[in-house]
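Okay, structure first, notes after.
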Amino acid sequence: MDAKIIDGREFAAAVRGKVKDHVTRLASEHGIVPGLAVVLVGEDPASQVYVRSKGKATVEAGMKSVEHRLAADTSERELLALVDQLNNDSSIHGILVQLPLPEHLKEDLVVNAIDPAKDVDGFHISNVGLLGTGRKSMVPCTPLGCLMMLRDHHESLSGLEAVIIGRSNIVGRPMAQLLIGDSCTVTVAHSRTRDLPEVVRRADVVVAAVGRPEMVQGNWVKPGATVIDVGINRVDAPERGEGKTRLVGDVDFERALQVAGAITPVPGGVGPMTIACLLANTLTACCRSNGVPEPDGLTV
Ligand code: NAD
């Protein structure tokens, strides 16, 4: 029997709906409107698309959206001054500096200049430390979305063997912390891991965050395992016509589908959850800064 396909679009729509309901209540009961500021430096086409869709989703959720588009040659001092201004703006509860930044700007310096309470990407070193020590923090959006889907599918994650492939600061490492927090037995595999297929075969939960098209083979997957595919890879698709491409994940979806218990597709799996979790994080940051209760199920 084929695995259950975890529909990330449907799940993300439900998260966004929940955020919107809570935003409406915040406005009517407390007169508060959550605000998200997104800062884009330069003209990277992919970043422009991301920033546009983040702004649109923010407005759709009933929140205030502010976009700052700065020239590619913006100096570090100018960028830090803007971050400082946003840190001190009480109508802004979330600040996101779109990465990557142009080469002359130090990402670490800029990210760590954001007020940790407004760090809706969860990349500030204070939030990394809080998450790593099992305390309340702002949680990076992509792993948060993966965790929400895993919690929804499993009654309990406690005691499950989880294998995360990839050790990036954006996905792999925070994912490991979140799954430790839910009492999984966690293995983080990476480019130097020996015999990756054997490591993956023991996993009840696999999270693939590598960036290599269809690297995880169907016969690596333990029967009945839950597979979360974070990878987004564009590959040639000559079957669709000359010069055409398509998106695939890090997992061989068609084969893994026949073995796994549940699996996220690409596209339409983890991707839509990332923006939904950005909205959830903005709402969480707003509730915390105003001392009002946080909605259930939108953070850890
Ligand atoms: P990254 O390049 O920072 O990290 C990749 C990781 O994979 C590294 O830790 C590396 O050790 C590991 N790796 C590389 N080759 C390997 C191999 N042969 N075997 C085992 N491990 C190997 O990437 P990232 O930022 O973590 O992103 C990973 C993928 O997830 C990319 O495809 C990216 O586009 C995608 N992504 C998707 C979303 C989303 O919203 N769905 C968000 C972030 C990243």
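The values are calculated or read from the model by the stated rules, or taken from the named source; none is laboratory data. Nothing here was measured: the structure is a model prediction, and the numbers come from that model. Cβ atoms come from the backbone with ideal geometry, glycine included; neighbour counts cover every protein chain shown. These accessible areas exclude ligands, DNA and RNA; they are computed on the full protein's heavy atoms, side chains included. Shrake-Rupley method; radii C 1.70, N 1.55, O 1.52, S 1.80 Å.
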Can you bin segment 191-300 into rounded, prolate or oblate? Criterion: square roots of the alpha carbon gyration tensor eigenvalues sorted a ≥ b ≥ c, rounded for a/c under 1.5, prolate for a/b above b/c, oblate for the rest.
oblate
Spin-label pair residue 245/residue 290, simplified geometry with 7 Å Cα→Cβ offset, distance in nm
4.2 nm
Across segment 114-123, in residue order, what do the Karplus-derived ³J(HN,Hα) couplings come to in whole Hz, using 6.51 cos²θ - 1.76 cosθ + 1.60 with θ = phi - 60° and x for Gly and Pro?
6, 4, x, 6, 9, 7, 6, 7, x, 9
Dipole size in debye (nearest 20) for the chain around its Cα centre, Lys and Arg Cβ +1, Asp and Glu Cβ -1?
300 debye
Starting at the first residue of segment 12-19, write each ³J(HN,Hα) from the Karplus equation 6.51 cos²θ - 1.76 cosθ + 1.60 with θ = phi - 60°, in whole Hz, x for Gly and Pro.
5, 4, 5, 5, 5, x, 5, 4
Pop out the carbon and sulfur fraction of the accessible area of the chain as a percent, whole number, probe 1.4 Å.
50 percent
If the elastic network links every pair of Cα atoms under 10 Å, which of 93, 22, 30 fluctuates the most in the Gaussian network model of the chain?
30
With bins 10 Å wide starting at 0, give me the P(r) of segment 35-86 over every alpha carbon pair, in whole percents.
24, 49, 26, 1
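Classify segment 29-186 as rounded, prolate or oblate from the Cα gyration tensor: take a ≥ b ≥ c as the square roots of its eigenvalues, call it rounded if a/c is under 1.5, otherwise prolate when a/b beats b/c and oblate if not. Provide the component values of the computation, followed by the final result.
Working: a/c = 1.94, a/b = 1.58, b/c = 1.23.
Prolate is the answer for segment 29-186, as a/c is 1.5 or above and a/b outweighs b/c.
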Can you tell me which of 191, 158, 53 moves the most in a GNM of the chain? Springs connect C-alpha atoms under 10 Å apart.
191
Non-local amide H neighbours of residue 4 (under 5 Å, H modeled in plane, Pro and chain starts lacking H): which ones?
262, 263
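With Rg and the Kirkwood Rh both taken from Cα atoms, where does Rg over Rh land for the chain?
Taking Rh as the inverse mean 1/r over Cα pairs, Rg/Rh reads 0.97.
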What is the gain in length, in nm to one decimal, between residue 193 and residue 13 on full extension, counting 0.36 nm per residue of separation less the C-alpha to C-alpha distance?
61.2 nm
How much accessible area per residue does the chain have, in Å², with a 1.4 Å probe?
48 Å²
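In debye to the nearest 20, how big a dipole does segment 204-300 give about its Cα centre with +1 on each Lys and Arg Cβ and -1 on each Asp and Glu Cβ? Walk me through the numbers on the way to the answer.
Details: 8 positive and 11 negative charges, 26 e Å.
Computed about the Cα centre, the dipole is about 120 debye.
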Candidates 41, 207, 227, ranked by Gaussian network fluctuation over the chain, Cα under 10 Å, top entry:
41
Need one number: nm distance between label points at residue 237 and residue 24, each 7 Å from Cα along Cα→Cβ, rounded to one decimal.
3.6 nm
If you average the C-alpha positions of segment 43-110 and of segment 276-290 separately, how far apart do those two centres end up, in angstrom?
17 Å
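Arranged from highest to lowest average of other beta-carbon atoms within 10 Å per residue, in what order do the peptides 164-175, 268-279, 234-245 appear?
Numbers: 164-175: 22.2, 268-279: 24.8, 234-245: 9.4.
Result, highest mean Cβ count within 10 Å first: 268-279, 164-175, 234-245.
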Those Cys residues of the chain for which no other cysteine Cβ falls under 4.7 Å
146, 184, 286, 287
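Given the rule -39500 (n - 2.57) for each run of at least 4 DSSP H residues, summed and divided by the residues of the chain, what is its mean residue ellipticity at 222 nm, to the nearest 500 deg cm²/dmol? Kindly include the intermediate steps, with their values, before the conclusion.
On the way: 10 runs with 119 residues, N = 300.
So the helix-based figure for the chain works out to -12500 deg cm²/dmol.
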Whole-Hz Karplus ³J(HN,Hα) for segment 218-233, in order, using 6.51 cos²θ - 1.76 cosθ + 1.60 and θ = phi - 60°, x for Gly and Pro?
x, 7, 8, 8, 5, x, x, 5, 9, 10, 10, 9, 8, x, 10, 10
